[in-house]
């Protein structure tokens, strides 16, 4: 069976970027391959499978997790090394030991009580680096002028690079804090959309971007300008000041 799968599905050699996508593709091919006759029994493989199913043992109720745990020490930048590849943790773990959970497709950084700190797709090969910037953004907010010299800046969407170029130091700091909060639960797509909408009338404040973002994720969207079918009546111009009250004091004696 292993030889059949290898010769029919894995040769010539495949260049794999995503194992889950490969498994999905191979599963679809295997399902279609069942609809042919067995080379000896002259019955469809799908029919033979149904006969075998009757003799199956009951599968375990819990899924088996093919993972292993290791404890490794982070370097002074908060990176850990797994099989000659680097993965970011968090600045607070610099030079400390961390618990990691390793599976075929992910590397998870955990606390001592097994709470997830950050997750990375597992890298294959050597001397590669995976960085999750979210835990580092609050630290970067303390030195916002150094942002342009980081690889994080190079990975930003063009809209954010343009926005940061026109920000003051304090605006950069507040924007980095906003990104640090947002990226705990969301990717760049929604917050970038919020930036585009907030920038329609010029350089937006961080609070404006934040307000638009929460409108988007809460499903309210952006309210369009209302155009009335009938023109509004002309109202008399209102004047400000105390002149009207001064008229009341005319002729009054002031003690």
Apart from one, (1) surrounded by 12 or more Cβ atoms within 10 Å (Cβ to Cβ); (2) modelled with pLDDT of 90 or more; (3) outside any strand (DSSP E or B) all hold for residue 77; the odd one out is (2)
Out of region 106-145, which residues are more than 19 Å from residue 72 (Cα to Cα) and surrounded by 11 or more Cβ atoms within 10 Å (Cβ to Cβ)? 133, 134, 136, 137, 138, 139, 140, 141, 143, 144
Considering only residues that are modelled with pLDDT under 85 and farther than 22 Å from residue 104 by Cα, which ones fall in region 4-33? 4, 7, 8, 12
Can you name the strands (runs of 3 or more DSSP E) wholly within region 86-147 that have at least 1 residues being in contact with a helix residue (DSSP H, G or I) (Cβ under 7 Å, 6 or more places away or on another chain), assigned by TED's automatic domain parsing to the domain that holds residue 15 and at pLDDT below 90? none
Condition first: surrounded by 11 or more Cβ atoms within 10 Å (Cβ to Cβ) and either part of a helix (DSSP H, G or I) or touching a strand residue (DSSP E or B) at 6+ places or on another chain (Cβ under 7 Å) (or both). Now tell me which residues in region 25-40 satisfy that. 25, 26, 29, 30, 33, 37
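The values are calculated or read from the model by the stated rules, or taken from the named source; none is laboratory data. On a predicted model such as this, the values are computed, not experimentally measured, just so you know. FYI the Cβ positions are ideal-geometry reconstructions off the backbone, even for glycines, and counts take in every protein chain you see.
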